[in-house]
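The values are calculated or read from the model by the stated rules, or taken from the named source; none is laboratory data. As the structure is a computational prediction, the values presented were derived from the model and not from experiment. Methodologically, a virtual Cβ is constructed for each residue, glycine included, from the backbone with ideal geometry; neighbour enumeration extends over all protein chains shown. Heavy atoms of the whole protein, side chains included, go into the accessibility calculation; ligands, DNA and RNA do not. Shrake-Rupley method; radii C 1.70, N 1.55, O 1.52, S 1.80 Å.
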Amino acid sequence: MYRHPNVHYASQAANTNRSMLARPLTAATSAQTFARARRHWHRHQPRTSWWWGQFPEQSWSPSTSHTDHATAPRPPDPLRWREWRRPGLFPHSVPQHISPVHLYSGGMDRADEEGLRKRKRSEDSGSHGNWQRSPKRSALEESQEQSPVWLHITGASLPPGKVPPSSENRGTKTELKREWEEACGYGPRETGSIRERHFDFSVMSYNILSQELLLSNAYLYKHCNPLILSWGHRFTKIIKELEQHSADIMCLQEVQEDHYLKQIKPSLESLGYHCEYKRRTGRKPDGCAVVFKRERFSLLSRHPVEYFRRGIPLLDRDNVGLILLLQPVEPSACHICVANTHLLYNPRRGDIKLAQLSMLLAEISRVAGLADGSTCPVVLCGDFNSLPCSPLCSFIRESRLDYTGLSIGKVSGQEDGSRGQRLLTAPIWPTCLGISQQCQYESQATTTDQAVKELNLQALSALNSASGSDMSTGVGAGKDFSSLLLPGSKKLCIEHGLRLTSAYSHYLRENSRPEITTCHARTAVTVDYIFYSALSECSTPEERGLQLLARLALVGEAELREVNRLPNQHHSSDHLPLIACFRLPS
């Protein structure tokens, strides 16, 4: 039995497992000895405290006497087996001049096995301590495996607005082709006599992707070149894109507050825009912004909407909305109510989304209300985190939603399955919120409720006359006839009084494929919208609405995959901007 000349062992009668673990392995140790040690390692758990990095500080001190070492097992000489020199595997209690033994357990994964193979002795060198190391990987190679590392590379040397070299984009189309789709025979920028008789304006809705959210959801952007994800590059491209489209009104979502105050707002103000902003109420640093050209509109009032309500579990989220009441420069034109919001993302909490939407619609009804009881034209933009065919979007367009038997996971249409999800119950939002089922504040809904009550009393009076009962005498009193008064009253439904329609058809004209507004590594769907008060052909001159003139066409999923999805070299957000042109009749 081989013994190290400088190591004293406690006893020759020690059990095989303990002696095998305590025995130093040298370069002369055979493969059979190593195999026996590995088998004993699996069969018996080592009882030596130093094996786990917990041995006493004095157990391997050079100043320790020979007698002290007689009762403590000794670690092997690290200089005798270079494959086991694995620093950093044990806690800080291990002396720095000692590298504890690390036995190969057979359960190593492929990455570790490859690492051991790379750390072999160089065949060309005769030096005892010369290693052949693998070449150092570049930051770009590491970025493909650990996205949080490369996503924080914000100081990379890339000129603003320049396209970084990338082999994945060679020979592929790098910029989307979007054209204007005209409506009513007019282009997006009609001038001359037509513009003089009417007030035409354009509206943009754009989720610009907060840099903080990009970093916290790095797994969605592993397909991107890391250089194009830095805020310096993205900001330059976003401002250039906003300046290129030059919309009269822009509704922006996921606007990070520090970037807004230091960069976005000054840049837009230099382009002639007036800026309004509302940050989210929680810890997230982003919010919604509404900006408009000072030469086209003037601000009448500003109304931020916070969906968080303390003490109401349904409304414990930090999403917000922002409403502006604008006056066009055309003297004869009426006011325009512009609303911008970003609803909750969670696909399984449709009840929260409906409650947030009801609060926004109630505030819009109050702000847009006129003295004669009508409302001024409304433009509602934002990221609603709902698909076009979802019950939530249908509720906006149709002004009514029957949610009888509807599960909360199907409200937004983001998930197909609803197994295990509870159904929506009446009322969806608590009455203490002060919003009626018609999405109006209780004070506003008094007139409507009074009309319904009068109708109920008339129907109830006719029912009593036919049945011969007399409410004053108590015959038939206390009975609930509400289910017999109005058709469909047993159904659970909510309503709103705004006539809204979408500026987009949500299907491509040429092949009827779905339009896409957001596309990243996980999904490609439509969640962004521009709703507006439509002026129908049968509308009277007293009715106020907007006429859609044109819109910037969207693209399908196939076109987005050709440009490596979003973001990419030319589009610095994971959303596409929506732009529509409207006419306000004088």
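Might you check whether a residue that is within 14 Å of Thr517 (Cα to Cα) and assigned to a helix (DSSP H, G or I) occurs anywhere in the stretch 546-557?
Yes; the residues of the stretch 546-557 include at least one that is within 14 Å of Thr517 (Cα to Cα) and assigned to a helix (DSSP H, G or I).
Could you tell me which numbered condition Pro388 fails, if it satisfies all but one of (1) modelled with pLDDT under 90; (2) in a loop (DSSP other than H, G, I, E, B)?
(1)
Could you check the stretch 543-572 and list, in sequence order, the residues that are small (Gly, Ala, Ser), surrounded by fewer than 22 Cβ atoms within 10 Å (Cβ to Cβ) and within 21 Å of Ala521 (Cα to Cα)?
Answer for the stretch 543-572, where residues must be small (Gly, Ala, Ser), surrounded by fewer than 22 Cβ atoms within 10 Å (Cβ to Cβ) and within 21 Å of Ala521 (Cα to Cα): Gly556, Ala558.
Could you list, in sequence order, all residues of the stretch 420-435 that are in contact with a helix residue (DSSP H, G or I) (Cβ under 7 Å, 6 or more places away or on another chain) and either surrounded by fewer than 15 Cβ atoms within 10 Å (Cβ to Cβ) or over 14 Å from Leu315 (Cα atoms) (or both)?
Result: Gln421, Arg422, Leu424.
Taking the stretch 489-501 only, how many residues are open to solvent by 20 Å² or more (accessible area, probe 1.4 Å) and either closer than 17 Å to Ile530 by Cβ or touching a Cys at 6+ places or on another chain (Cβ under 9 Å) (or both)?
4
One line per residue, one yes/no per condition, for (1) acidic (Asp, Glu); (2) at pLDDT 95 or above; (3) touching a Phe, Trp or Tyr at 6+ places or on another chain (Cβ under 9 Å):
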position: Gln211; (1), (2), (3): no, yes, yes
position: Leu214; (1), (2), (3): no, yes, yes
position: Tyr221; (1), (2), (3): no, yes, no
position: Leu229; (1), (2), (3): no, yes, yes
position: Glu241; (1), (2), (3): yes, yes, yes
position: Tyr273; (1), (2), (3): no, yes, yes
position: Gly282; (1), (2), (3): no, no, yes
position: Val290; (1), (2), (3): no, yes, yes
position: Phe297; (1), (2), (3): no, yes, yes
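In the stretch 220-259, which residue that is among the hydroxyl-bearing types (Ser, Thr, Tyr) and either within 20 Å of Asp383 (Cβ to Cβ) or not in a helix (DSSP H, G or I) (or both) is farthest from the chain's Cα centre (by Cα)?
For the stretch 220-259, the residue satisfying everything is Ser246.
When you go through Thr517, Thr523 one by one, which is the residue that is open to solvent by 10 Å² or more (accessible area, probe 1.4 Å) and either of a type outside the set (A, V, I, L, M) or free of Cβ contacts under 8 Å to residues at least 40 places away in the same chain (or both)?
The unique qualifying residue is Thr523.
Residue-by-condition table, conditions (1) part of a helix (DSSP H, G or I); (2) modelled with pLDDT of 80 or more:
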| position | (1), (2) |
| --- | --- |
| Glu363 | yes, yes |
| Cys381 | no, yes |
| Trp429 | no, yes |
| Ala459 | yes, no |
| Ser472 | yes, no |
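From Ser399, Ser386, which residue is more than 22 Å from Asn319 (Cβ to Cβ) and open to solvent by less than 60 Å² (accessible area, probe 1.4 Å)?
Ser399
Out of everything in the stretch 265-298 that is of a type in the set (Asp, Glu) and within 13 Å of Ile249 (Cβ to Cβ), what residue ends up being least open to solvent (accessible area, probe 1.4 Å)?
Glu276
With farther than 20 Å from Leu578 by Cα and free of Cβ contacts under 8 Å to residues at least 12 places away in the same chain as the only criterion, which of Leu227, Leu215, Leu261 stands out?
Leu261
Identify all residues within the stretch 305-357 that are part of a strand (DSSP E or B) and open to solvent by 50 Å² or more (accessible area, probe 1.4 Å); write none if there are none.
Glu306
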